[in-house]
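**Student:** Sharing a structure below in structure tokens format, with a few things to ask.
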Amino acid sequence: MHEPVRLLDVQVIPGDFGSLGVLEASKHMGFEARRVYFLTDLPEGARRGAHAHKTLKQCFVCLRGSVTLEITKGDFRSVLELNDYRRAAVLESGCWLDLRSFSKDALVLVLASREYDESDYIRDFSEFRLWEQGRAADPAVPYLDLKRTDEEIGLELRQSIDSVLSSGWYIGGPAVAEFERSFASYCGAAEAVGVANGLQALFLVLRAWGIGPGDEVLVPAHTFIATALAVTEVGATPVLVDVEEDTGLLDVSLVAALVGPRTKAIIPVHLYGHPVDLDPLVELARRRNLLVLEDAAQAHGARYKGRRCGSIGDAAAFSFYPTKNLGAVGDAGAVVTHDAALAAKVRQLGNYGASRKYLYAVEGTNSRLDPIQAAVLSAKLRHLDDWNGRRSEHAARYLAGLSDIAGLQLPATRAWADPVWHVFPIRVADGRRDALDEALLARGIGTNIHYPVPVHLQPCYAGRWEEGQFPIAEKLSKTLLSLPLNPTHTPGEIDRVIEIVRELLR
Ligand SMILES: *Cc1c(COP(=O)(O)O)cnc(C)c1O
């Protein structure tokens with residue numbers, strides 16, 4: 001455990017007319033002060049504190065005199081004397097704190113991350129220990145807890161949102177432009193156009209390419225519904241391609257036979273964060289005059305033979321739905337491409353089809369990335385590689401810990417892939433998936449199924465395809481189970497999932 005208390009240097013600027021002491025949220029404290037209080041006029045032998053805060057973080061500066069802080073958290077215990085305003089103590093949440101041995105002249109300034117809230121206090125030490133034990137003993141592993149990202153980088157996110165609020169730009173503007181620039185550059189592509197969501201990113205590219213009724217677009221049979229919906233939304237016909245069993249990805253060897261005179265494009269989906277084998281696909285597309293639209297909604301940062309997903313096809317669609325590897329705090333998406341004309345067309349279509357203000361060249365729609373989401377995404381983009389790294393570590397733990405279990409198959413990784421593990425899908429031999437899923441749930445382990453009903457069997461597409469037409473996609477829908485894997489999970493949580501899966505499948 002890292003230490004729950006941190007000493008920091010207060011920035012003190014001396015001058016001819018006295019000294020100026022400064023503490024800033026991001027540079028020093030790591031949280032924003034919502035409440036400031038001070039302790040003074042303390043009688044001899046005064047003791048304060050003697051309570052814990054569940055979520056409040058505090059920063060103590062002894063401006064005059066001295067005070068002793070006694071901090072307890074789990075096995076950690078620390079006694080600190082503060083007697084110099086140049087050293088401040090930052091205390092994280094969940095600590096029991098006693099303040100004692102005040103000097104007579106003591107003046108202690110405290111900056112707190114929240115306003116007063118009685119329900120945040122624990123005022124009895126044995127109750128505090130019980131609360132701590134309850135937290136430590138709670139073995140539940142959520143499939144995903146998005147609040148943890150806020151706990152990790154909440155200050156950065158709030159500052160990003162704040163900068164948009166105070167800028168007065170609530171549609172478009174610098175926050176959107178900055179994110180588009182940095183995301184394009186991250187992907188290794190010339191252009192990124194922010195749009196409302198991932199489905200719109202797919203849809204707008206197909207529209208910009210002029211794909212519509214009478215045209216066919218190849219789509220994997222095993223994917224999130226949005227991939228197919230984008231095709232039907234422009235009025236074109238999705239032609240489904242079955243997938244590989246060990247990766248769940250589009251089976252490139254089946255594609256050539258499905259290309260016909262009406263085929264205009266193909267949408268490889270880098271499902272689960274693993275890139276599709278793009279070289280042969282792009283080569284075939286060139287020969288047959290097809291466009292390649294990468295659905296990279298689950299593959300932010302993944303690499304195919306060293307190149308980022310999203311930079312290889314003619315265009316790519318990204319989703320920043322909150323659960324994705326790079327997620328907003330609402331809906332958001334982007335189109336990424338090397339093609340400046342396509343980017344301009346997508347931008348125009350997403351802005352009502354306007355060619356200039358109040359003049360509409362084409363029938364467009366309203367599909368814009370909002371600046372608050374853009375600002376959040378710019379902040380999170382700086383952490384993406386680190387987060388993807390943690391995902392890979394968790395995946396490596398699962399691959400090692402679950403490798404030798406009969407009836408359980410692990411996701412394959414191709415030699416040319418640097419996947420980003422959007423999910424960790426295991427396959428459980430016929431008939432046992434649902435039982436394992438229920439047993440895991442009963443043990444407090446969150447899971448998901450990506451996806452329980454394949455595209456061709458969705459009620460919205462009734463009559464288009466038949467059961468049995470895409471056997472691998474059907475088999476996967478009955479055997480796949482996604483285990484918790486997120487950068488905010490701890491290695492201990494992953495180990496716990498491994499232990500319980502092993503126990504249940506023994
Ligand atoms: C999430 C997702 C989409 C759609 O993104 P939204 O932002 O939810 O519209 C498209 N394709 C795939 C593969 C996805 O996972």
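**Student:** Given the chain, what percent of its DSSP beta bridges are antiparallel, to the nearest 5?
**Tutor:** Values: 67 of 83 bridges.
Taking every DSSP beta bridge with both residues in the chain, the antiparallel ones total about 80 percent.
**Student:** Using alpha carbons only, how many angstrom separate the centre of segment 264-335 from the centre of segment 160-206?
**Tutor:** Between the Cα centre of segment 264-335 and that of segment 160-206, the gap is 17 Å.
**Student:** Take Cys95, Cys309, Cys62 and order them by how many other Cβ atoms sit within 10 Å, fewest up front. Kindly include the intermediate steps, with their values, before the conclusion.
**Tutor:** Working: Cys95 21, Cys309 32, Cys62 24.
Final ranking by Cβ density, sparse to dense: Cys95, Cys62, Cys309.
**Student:** May I pose another question? Taking only the alpha carbons of segment 51-93, what extent do you get along each of the three principal axes, in Å, biggest first?
**Tutor:** Principal-axis extents of segment 51-93 (Cα, largest first): 29, 19, 15 Å.
**Student:** Another question, then. Normalised by the residues of the chain, what does the relative contact order come to in percent, with Cα pairs under 8 Å and at least six apart?
**Tutor:** Details: 1080 pairs, mean separation 71.2, N = 506.
Result for the chain is 14 percent.
**Student:** What is the set of long-range amide H partners of Asn448 at a cut-off below 5 Å, with H atoms built 1.01 Å from backbone N?
**Tutor:** Sorted by chain and number, the residues that satisfy this are Ser482.
**Student:** Within segment 152-288, what percent of beta bridges assigned by DSSP are antiparallel, to the nearest 5?
**Tutor:** On the way: 1 of 9 bridges.
If I count the DSSP bridges inside segment 152-288, around 10 percent turn out antiparallel.
**Student:** Hydropathy at least -1.0 by Kyte-Doolittle, axial extent at least 30 angstrom from the Cα trace: which helices of the chain, defined as entire DSSP H runs, fit?
**Tutor:** Numbers: long enough: none.
For the chain, where a helix must reach 30 Å along its axis and average at least -1.0, there are no hits.
**Student:** Could you work out the relative contact order of segment 249-390, using alpha carbon pairs under 8 angstrom and six or more residues apart, expressed as a whole percent?
**Tutor:** Details: 232 pairs, mean separation 22.4, N = 142.
With pairs under 8 Å counted, the relative contact order is 16 percent.
**Student:** Out of every Cα-Cα pair in segment 255-399, what percent are more than 28 Å apart?
**Tutor:** So the portion of pairs separated by more than 28 Å is 29 percent.
**Student:** Relative contact order for segment 153-309: what is it in percent, counting Cα pairs under 8 Å that are at least 6 residues apart? Intermediate values should be presented prior to the final figure.
**Tutor:** Values: 219 pairs, mean separation 28.2, N = 157.
Rounded, it is 18 percent for segment 153-309.
**Student:** Could you tell me the center-to-center distance, by alpha carbons, between segment 364-389 and segment 40-70 in angstrom?
**Tutor:** 41 Å
**Student:** For segment 288-331, what is one quarter of the convex hull surface built on the Cα atoms, given in nm²? Can you show the working numbers first?
**Tutor:** Numbers: hull surface 13.7 nm².
Hull-based average projected area comes out at 3.4 nm².
**Student:** Once each part is reduced to its C-alpha centroid, what is the distance from segment 390-412 to segment 228-259 in angstrom?
**Tutor:** 28 Å
**Student:** Right, here's the next one. Amide H to amide H, which residues 5 or more places from Lys57 or on other chains are under 5 Å from it, using H placed in the peptide plane?
**Tutor:** Ser113, Arg114
**Student:** Step through the residues of segment 81-89 one at a time and calculate ³J(HN,Hα) from phi using the Karplus curve (6.51 cos²θ - 1.76 cosθ + 1.60, θ = phi - 60°), rounding each to whole Hz and writing x for Gly and Pro.
**Tutor:** Once θ is set to phi - 60°, the couplings for segment 81-89 become 9, 9, 9, 8, 5, 7, 10, 10, 10 Hz.
**Student:** May I ask you to evaluate 6.51 cos²θ - 1.76 cosθ + 1.60, the Karplus curve with θ = phi - 60°, for each residue of segment 5-13 and list the ³J(HN,Hα) values in order in whole Hz, giving x for glycine and proline?
**Tutor:** For segment 5-13, the Karplus curve yields 10, 9, 8, 10, 7, 6, 6, 10, 9 Hz.
**Student:** Okay, moving on. Enumerate the amide H contacts of Thr263 below 5 Å, restricted to partners 5 or more residues apart or on another chain; note that Pro and chain-start residues carry no placed amide H.
**Tutor:** Glu216
**Student:** Mind pulling the per residue volume of the convex hull built on the Cα atoms of segment 1-137? Å³ is fine. Walk me through the numbers before you get to the answer.
**Tutor:** Values: hull volume 15.7 nm³, N = 137.
With only Cα atoms used, segment 1-137 gives 115 Å³ per residue.
**Student:** Same structure, new question: What is the pair-distance distribution P(r) of the chain, computed from all Cα-Cα distances in 10 Å bins starting at 0, with each bin given as a whole percent?
**Tutor:** All Cα pairs considered, the percentages come to 4, 16, 23, 21, 16, 11, 6, 2, 0, 0.
Any read-out appearing in this document is the output of simple, stated calculations on the displayed coordinates, not a laboratory observation. For clarity, every value in this text was computed on a predicted model and none was experimentally measured. Using ideal geometry, Cβ is built from the backbone for each residue, glycine included, and neighbour counts are taken over all protein chains shown.
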